[in-house]
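Down below is the structure, laid out as structure tokens.
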Amino acid sequence: MTVLAIEDLHVWFELPDGKELHAVQGIDLSLERGERLGLVGESGCGKTTAILAMMGLLPPTASAAGRILLDGEDILAGGDNTMRAHRWTDIAMVFQGAMNAFDPVKTIGSQIREPMQAAGLAKGKAARARTGELLELVGIAAERQDRYPHEFSGGMRQRAAIAMALACEPKVLLADEPTTALDVMVQAQILELLIRLTDELGLAMIMVTHDLPLVSQVCQRAAVMYAGRISEIGTTSELYHHPQHPYTRMLFRATPDLLAERDVISIPGSPPRLDQEIIGCPFRPRCDAAIDTCAIAYPPTRTAEPGHLSACFVEESA
Amino acid sequence: MSLIDAPMTPLNEVRKSPSRLRSLLSFLRKHPQAAIGFVILMFFVFVAIFGPYFAPYGEREQVGPIFGTPSSAHPLGLDDGGIDMLSLLIYGARVTLIVGFAGAVVAMVVGGAIGIISGYFGGKTDNALMRTTDYFLVLPDLVLMIVVASIWGRSLRNIIIIIGLIYWTFMARLIRSQVKVVRERAYVKRAQALGATHTRIIFKHVIPQIAPLLLAQTVLMVALAIFLETAISFLGLGDPSVTSWGKMIETAFSRSAISYGAWWAIAPPGIAVALVIMAFNMVGTAAEDSLNPRLKVSHLSRRHFRLRPLPDKEAPK
Amino acid sequence: MRAGWSYVGRRALFALITIFIAISLNFVLFRLAPGDRTSALRCQGCTQEFKQQLRADFGLDKSVPEQYVIYLNQTVRGDFGRSFVTEQPVISELWQPIKNTLPMILLGTIISIMLGITTGVIAAWRRNTLADKGTVWGGLLFYSLPTQWLALMLILYLAGPLNLPTSDIADPYLAYSNAGAWAEFVDRLKHMILPAATIGLVLFGEYTLIVRSSMLEALGEDYILTARAKGLSNWEIITQHALRNSMLPIVTLVFLSLGFIFGGTILIETVFNYPGIGLQIYESVGNRDYPVLQGAFLLLTVVIILMNFLADLLYFKLDPRVTE
């Protein structure tokens, strides 16, 4: 059953100099109940913008087009008005760097209770009890809800942020780089927690990260974004074993991986600026397999396997 | 009295600019607020320097009745001694600005030097200096000034020294925190490793980096100094031998300009003071902002993101 | 909570040391005065012999360290000497004025805090709108006005139309006419409004600018985005998170401006002839009444130090990170 479907989502930003930045250039995604999807790409590829759009948290300089279907209902249609009703109650988020996601002068517990009270789900004693349960669920003692963010370690703060995201029993969890700035051991614990919670609660999750191998460990499927579009999407094992797009292949090589014994090769160059129109494949200047056609038009979507799509002119040999 | 005490984040690194004049011009172009303030300041500086040559009447010349009303000959009327107000205002500019600049410069030199030493060397020196400034910060400035002025006597020089000696603390704290940042920079570390002397490092590397901030703070300090000059003069502790705007307000008050309904004897010097202080603040805060930009975008806004129709699918080529 | 108590202890110690330094500074400042307390005396009977006698009475013939110890001893007992003018003990000379001043500056400060927070919050929330620009320019303007001049302007242009008294603290006839407590209260309030409004407006300029900038700072923090994501209303986000965090710099500012408030009080009370501590200082400057001046300076400094200690305690309440 599809919980969340994104159809042809576009996001533009007005820049101070009057130009326009086309940050998300028409992406399609769908998410099943209990499914974990990775959204991968370098910084500036539009992945964070895409999930902020799903939360309806784009800044006023942004404009959006397309459809965001939650259980079949287009919640983007009414702009902020329709998005607001689903924020946190249906789609919740774990922010990047939980350090700053918490208000430093309020207790962790009160910040977890806020969305429950705002949504009218629980009040007073009931809200406190529920907060305790949520914290226990992520492995924090219930009594610690009266502590302040600075009294928590980085890993604990991230756990608390996950508990906060679960406060209103959402259907979809968006996690933006949930493990950056944490050390490796803690990282593994947080990922394990996310896997366990999504499995137990039947929660669908989109995890945004620049770390493709990490996505392979956590998610069943992954979408690779480049220059505001999805360059390749498929199951993580398909992407790992049979990458269709050169960018996917290079991304795997660019991240250190404990399992595969190979050298780390970073991708030369940097992603293109999105405040001007790009003709041809945006990855062409950095691609090691580019052909003449790549300079002419954006590559059409090709299906390698059912559910495994990529946008590249060059046939990758498996 | 502490707009200057606002929390600061470390400065952007200052790069050598091609020309000072050009960088001033580009700064003024980017900050219209500073440009307006700058024009006002230039006007008053001009008046302060050349005013006595074009002032219509003398500083002590009685030209009409006591509190004579404004007329075409005397657009701002006459004061309690029948002296032309416009002329007095022009003469007063010089003293007021001198006190402001000189007081600020004393504060800058004393505070800057202490801030640099404290921030650069750190350790015990730093600790002792910072504790001292802590104590100075809680002292009621004007009250202290009154005490000192009434003990030391009334003269322009004393007022300048007092202003400088009270405000060096603000300067020292700010400069210190910035020097601490600069001290950790790679080129300072490198110069130290290469065996450069402390004096050389301070003059070659540290001071050029903090100079813009020092300047911005001095500009803000001038406003403060002028503010205090008017206060001290108002309390009868100003230099009796010279005309300043602060003294004009005091004379108007003590000679009952209010009972005469002589608004022209009170309003103009106050407006002049307010204009100058405001102009200094406009330039100073803009300079501070440009050195220390707060680029954070507000996460909360009345407006929301907009919706727009889907772009046309580009025709397959 | 042990860390908390050690914080309170450290701040208390700091306050005590500061008070000691202020007391000592007071001694040094007046020792630096040209001549001594007696040379300022100008009266017919003040012959050399009389002055000599006075010097012995004041202990001025002893060595400086001895004098310092005597001075410390007297100060701790609350003995600041006697006024040169009224010959009354300084402490009783200061008591009534400070009682007159406190309600006035309290009223003024409350006006400015409320006005400053309201306009500052609105300006930050409606950034770059007309309301914001108006607040910034208005704040800058009031921040730049000389206090005494603003007071004079209020007398010239506001006192008449509003029918408010411009001098003294109470109508002297009211006391004879048995008008009742309510009428007396209203009369006192009327006398207080213009001085309080002056201090309120002057402070307002500074407060509104600081509130605005600290609100803008807070609104740019990530926890605001989190709060929005959690579905909180704008009102909740502003009051519960942004303003709550901005309270830290605002509290610091309000307490740091105490010295300025007392300075302003001198100017304002002089203009309004309001018999408070400020007017007392002004008059003792004119009369060269050094003991009163000395006592007033010390009193105000100690009040400020104690208020700053209070601010530290408030900070401790407001910011859970403060003990770190």
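Restricting attention to the stretch A:110-132, report how many residues are crowded, with 19+ Cβ neighbours inside 10 Å and within 13 Å of another protein chain (Cβ to nearest Cβ). Residues in the stretch A:110-132 being crowded, with 19+ Cβ neighbours inside 10 Å and within 13 Å of another protein chain (Cβ to nearest Cβ): 7 in total. Only one of the numbered conditions (1) surrounded by 16 or more Cβ atoms within 10 Å (Cβ to Cβ); (2) more than 9 Å from chain B (Cβ to nearest Cβ); (3) outside any helix (DSSP H, G or I) is violated by residue C:127, and that is (2).
Just one residue in the set B:97, B:144, B:89 is open to solvent by less than 40 Å² (accessible area, probe 1.4 Å), in contact (Cβ under 8 Å) with a residue 12 or more places away in the chain and in contact with a Pro (Cβ under 8 Å, 6 or more places away or on another chain); that residue is B:89.
The set of residues in the stretch A:67-89 that are touching a residue at least 60 places away in the same chain (Cβ under 8 Å), surrounded by fewer than 20 Cβ atoms within 10 Å (Cβ to Cβ) and within 12 Å of chain B (Cβ to nearest Cβ) contains only A:67.
Picking from residues in the stretch C:147-168 that are in contact with a Pro (Cβ under 9 Å, 6 or more places away or on another chain) and within 10 Å of another protein chain (Cβ to nearest Cβ), the one that is surrounded by the most Cβ atoms within 10 Å (Cβ to Cβ) is C:151. For the stretch C:80-91, filtering for residues that are open to solvent by 60 Å² or more (accessible area, probe 1.4 Å) and part of a helix (DSSP H, G or I) leaves 1. Taken as a whole, the stretch C:192-207 holds no residue that is touching a Leu at 6+ places or on another chain (Cβ under 9 Å), under 30 Å from residue A:59 (Cβ atoms), within 11 Å of another protein chain (Cβ to nearest Cβ) and β-branched (Val, Ile, Thr). For residue B:153, indicate whether it is more than 13 Å from chain C (Cβ to nearest Cβ), open to solvent by less than 40 Å² (accessible area, probe 1.4 Å) and within 26 Å of residue C:22 (Cβ to Cβ). So residue B:153 fails the test. Could you tell me whether residue C:296 is over 28 Å from residue B:249 (Cβ atoms) and open to solvent by less than 10 Å² (accessible area, probe 1.4 Å)? No. From the list A:289, A:311, A:227, A:222, the lone residue that is crowded, with 23+ Cβ neighbours inside 10 Å and touching a Pro at 6+ places or on another chain (Cβ under 9 Å) is A:227.
So which of B:102, B:113, B:107 is more than 14 Å from chain C (Cβ to nearest Cβ), surrounded by 24 or more Cβ atoms within 10 Å (Cβ to Cβ), under 22 Å from the mean Cα position of the chain (by Cα) and in a helix (DSSP H, G or I)?
Working: B:102 fails: surrounded by 24 or more Cβ atoms within 10 Å (Cβ to Cβ); B:113 fails: surrounded by 24 or more Cβ atoms within 10 Å (Cβ to Cβ).
Going through B:102, B:113, B:107 in turn, the sole match is B:107.
Here C:219, C:267, C:279, C:258 are screened, and the one residue that is over 19 Å from residue A:148 (Cα atoms), more than 7 Å from chain B (Cβ to nearest Cβ), open to solvent by less than 30 Å² (accessible area, probe 1.4 Å) and in contact with a Ser or Thr (Cβ under 8 Å, 6 or more places away or on another chain) is C:279. Residues in the stretch C:230-255 that are of a type in the set (D, E, K, R) and in a helix (DSSP H, G or I): C:236, C:244.
Answer with yes or no whether residue A:199 is within 30 Å of residue C:229 (Cα to Cα), touching a Gly at 6+ places or on another chain (Cβ under 8 Å) and of a type outside the set (A, V, I, L, M).
On the way: within 30 Å of residue C:229 (Cα to Cα): yes; touching a Gly at 6+ places or on another chain (Cβ under 8 Å): yes; of a type outside the set (A, V, I, L, M): yes.
In short, yes.
If only one of B:196, B:216, B:172 is assigned to a loop (DSSP other than H, G, I, E, B) and either modelled with pLDDT of 85 or more or on the phi < 0 side of the Ramachandran plot (or both), which one is it? Quick ask: steps written out before the conclusion?
Details: B:216 fails: assigned to a loop (DSSP other than H, G, I, E, B); B:172 fails: assigned to a loop (DSSP other than H, G, I, E, B).
Just one listed residue meets the conditions, B:196.
Checked against the criteria, residue A:107 does not count as buried (at least 16 other Cβ atoms within 10 Å of the Cβ), within 16 Å of residue C:227 (Cβ to Cβ), in contact with a Cys (Cβ under 6 Å, 6 or more places away or on another chain) and among the hydroxyl-bearing types (Ser, Thr, Tyr). Pairing each residue of the stretch A:178-195 that is at pLDDT below 90 and open to solvent by 50 Å² or more (accessible area, probe 1.4 Å) with any residue that is part of a loop (DSSP other than H, G, I, E, B) and of a type outside the set (Lys, Arg), provided the two are 6+ apart or on different chains, yields C-beta distances under 8 Å for A:181/A:97. Checked against (1) at pLDDT below 90; (2) open to solvent by 50 Å² or more (accessible area, probe 1.4 Å); (3) not acidic (Asp, Glu), residue C:38 passes all but a single condition, namely (2). In the stretch C:199-225, the residues that are over 23 Å from residue A:106 (Cβ atoms) form Cβ pairs under 7 Å with partners that are at pLDDT 90 or above and not in a helix (DSSP H, G or I), at six or more places apart or across chains, as follows: C:202/C:145.
Could you check the stretch B:251-267 and list, in sequence order, the residues that are assigned to a helix (DSSP H, G or I) and at the interface with another protein chain (Cβ under 8 Å from one of its Cβ atoms)? Once the filter is applied, which keeps residues that are assigned to a helix (DSSP H, G or I) and at the interface with another protein chain (Cβ under 8 Å from one of its Cβ atoms), the stretch B:251-267 yields B:252, B:253, B:263, B:266, B:267.
The values are calculated or read from the model by the stated rules, or taken from the named source; none is laboratory data. No experiment lies behind these values; they were computed from the predicted model shown. FYI the Cβ positions are ideal-geometry reconstructions off the backbone, even for glycines, and counts take in every protein chain you see. With ligands, DNA and RNA removed, areas are computed over all heavy atoms of the protein, side chains included. Shrake-Rupley method; radii C 1.70, N 1.55, O 1.52, S 1.80 Å.
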